[in-house]
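Inspection log for the structure reproduced underneath, given as structure tokens.
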Amino acid sequence: MPMTSDRFAPPTPAADGRDNLVGLDRDGIAAAFAELSLPRFRANQVFKWIYGRGVSDFADMTDIAKETRARLADRFVVARPGVSRAMASIDGTHKWLVRLADGNEVETVHIPEEDRGTLCVSSQIGCTLACQFCHTGTQKLVRNLGPAEIVGQVMLARDHLGEWPTTETPSIQQRQLTNIVMMGMGEPLYNFENVAAALKIVMDGEGLAISHRRITLSTAGVVPLIRRCGAELGVGLAVSLHAVTDEIRDRIVPLNRKYPIAELLDACRTYPGSRNSRRITFEYVMLKDVNDSAADARGLVRLIEGIPAKVNLIPFNPWPGAPFERSSDAAIERFAEIVRRAGYPSPVRTPRGEDILAACGQLKSDSLRAPRHAAG
Ligand code: SAH
């Protein structure tokens, strides 16, 4: 798969020669510690401090001997990506422009709701898929994000929301960050290894401790990796379907030419762990006169028959120069009604953070792909 080639790999961070521990699991930390001849349990302790408590200064790791803390600080750092700009929407949505060690940028969005708060996390800088209605799709893939950059987005959100548990407040009752959706920039299944490494740390009870039940991974339909996503991560699956005929889907989601609708739905039917309590979410962007007719809705119902599913209707979010219009409210309602009558919940997603270009499909960074044979 070209997307996992070295050309798109994240750079190894080595700012001042010290290695970053963020992104490493217990085994990774233990391996890094081996050269200092530290016992295994030190790695476990540090894991908890970094991901469970959000501590970035070794001096604050109080159950480790002072002298050992100093040796660690000589050799390692605990660094998350920086935030170059934070934007707040009038509806409470936040968008953070995340600055990576090599100067590239991605976007992370926090969407507060009454009973939960969802963090929308990016997996790549840019994207290869070029879905016609998606702003990120107009940006070439610059590179994959590494585990540190993916888990780092969740950590910096906790920093900004002030939500790290402390000894006094081990569990925060009314959290602002309860759920994660891998729905930011990029195709997470084209960066599966790094996304999986990061999500394992996020789900770890001594790590960020966000349950797999509260995590949803969204894919445009990378069929060969869908099963692994369910089997190895057990997270919820969202599929960006957006059309019910291959003819239309080939055009608006070009990945369909590689993995057509029938193959995609087969993978959904056998998604490990899909049952009524864990429905598959089908996302469907409502594009005026493209995919929003009553016949399309009936076609959708036929396609997903037998799959425990929910259909999220996303009114198209415009961006500068976009070649589509949002369907009318009446068309969206008519579509939703047909899907609901067939027994599938079909919520219409209210656009959030539109005023700061933070809504679905509006994310785009200024990062550019370096010329292939760049000097240096
Ligand atoms: N590559 C993954 C992750 C992106 S998730 C995927 O395709 O699923 C972002 C979701 O927003 C996808 O369902 C995407 O199709 C949808 N989307 C993209 N652009 C949009 C737009 N302009 N308006 C509404 N939804 C959009």
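The values are calculated or read from the model by the stated rules, or taken from the named source; none is laboratory data. Just so you know, these numbers come straight off a predicted model, no measurement behind them. Ideal geometry is used to build each Cβ from the backbone, glycine not excepted, and the neighbour counts take in all protein chains shown. The accessibility values were calculated without ligands, DNA or RNA, using every heavy atom of the protein model including side chains. Shrake-Rupley method; radii C 1.70, N 1.55, O 1.52, S 1.80 Å.
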_Looking only at the stretch 324-338, how many residues end up being over 26 Å from the mean Cα position of the chain (by Cα), under 28 Å from Thr138 (Cβ atoms), of a type outside the set (S, T, N, Q) and open to solvent by less than 60 Å² (accessible area, probe 1.4 Å)?_
3
*On the given criteria, is Ala243 more than 25 Å from Leu363 (Cβ to Cβ), of a type outside the set (Asp, Glu) and at pLDDT 95 or above?*
no
*Here is a list of conditions, (1) open to solvent by less than 40 Å² (accessible area, probe 1.4 Å); (2) at pLDDT 95 or above, and Phe8 meets all of them except one; can you say which number that is?*
(2)
*Do the conditions hold for Arg80, that is, is it touching a residue at least 24 places away in the same chain (Cβ under 8 Å), closer than 26 Å to Gln176 by Cβ, away from the ligand (no atom under 16 Å from the Cβ) and touching a helix residue (DSSP H, G or I) at 6+ places or on another chain (Cβ under 9 Å)?*
yes
_Subset of the stretch 339-369 (residues that are under 26 Å from the mean Cα position of the chain (by Cα) and β-branched (Val, Ile, Thr))_ = Val348, Thr350, Ile356
*For residues that are at pLDDT below 80 and either open to solvent by 60 Å² or more (accessible area, probe 1.4 Å) or in contact with a helix residue (DSSP H, G or I) (Cβ under 8 Å, 6 or more places away or on another chain) (or both), tally how many sit in the stretch 365-376.*
7
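Each row is one residue, and each column tells you yes or no for (1) open to solvent by less than 20 Å² (accessible area, probe 1.4 Å); (2) more than 19 Å from Val239 (Cβ to Cβ).
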| site | (1), (2) |
| --- | --- |
| Asp289 | no, yes |
| Ala294 | no, yes |
| Gly306 | no, no |
| Phe316 | yes, no |
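Give the residues of the stretch 339-355 that are away from the ligand (no atom under 11 Å from the Cβ), surrounded by fewer than 18 Cβ atoms within 10 Å (Cβ to Cβ) and either assigned to a helix (DSSP H, G or I) or not polar (S, T, N, Q) (or both), sorted by residue number.
Going residue by residue through the stretch 339-355, those that are away from the ligand (no atom under 11 Å from the Cβ) are 339-348, 350, 352-353, 355.
Retained after the next criterion (residues that are surrounded by fewer than 18 Cβ atoms within 10 Å (Cβ to Cβ)): 340-343, 345, 347-348, 350, 355.
Hits for the stretch 339-355 are Arg340, Arg341, Ala342, Gly343, Pro345, Pro347, Val348, Asp355.
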*From (1) farther than 22 Å from Gly28 by Cβ; (2) part of a helix (DSSP H, G or I), pick out the condition that doesn't hold for Phe282.*
(2)
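Residue by residue through the stretch 58-74, note down the ones that are open to solvent by less than 60 Å² (accessible area, probe 1.4 Å) and either in contact (Cβ under 8 Å) with a residue 40 or more places away in the chain or in a loop (DSSP other than H, G, I, E, B) (or both).
Filtering the stretch 58-74 down to residues open to solvent by less than 60 Å² (accessible area, probe 1.4 Å) leaves 58-59, 61, 64-65, 68-70, 72-73.
Listed by number, the residues that qualify are Met61, Ile64, Ala65.
Any residue in the stretch 212-227 that is among the β-branched types (Val, Ile, Thr), open to solvent by less than 10 Å² (accessible area, probe 1.4 Å), farther than 22 Å from Ala130 by Cβ and modelled with pLDDT of 95 or more?
Within the stretch 212-227, one or more residues are among the β-branched types (Val, Ile, Thr), open to solvent by less than 10 Å² (accessible area, probe 1.4 Å), farther than 22 Å from Ala130 by Cβ and modelled with pLDDT of 95 or more.
Among the listed residues Asp292, Asp296, which satisfies the condition of being over 24 Å from the mean Cα position of the chain (by Cα) and within 15 Å of the ligand (Cβ to nearest atom)? Walk me through how you get there before you give the answer.
On the way: Asp296 fails: within 15 Å of the ligand (Cβ to nearest atom).
Step by step, each of Asp292, Asp296 is checked, and only Asp292 is over 24 Å from the mean Cα position of the chain (by Cα) and within 15 Å of the ligand (Cβ to nearest atom).
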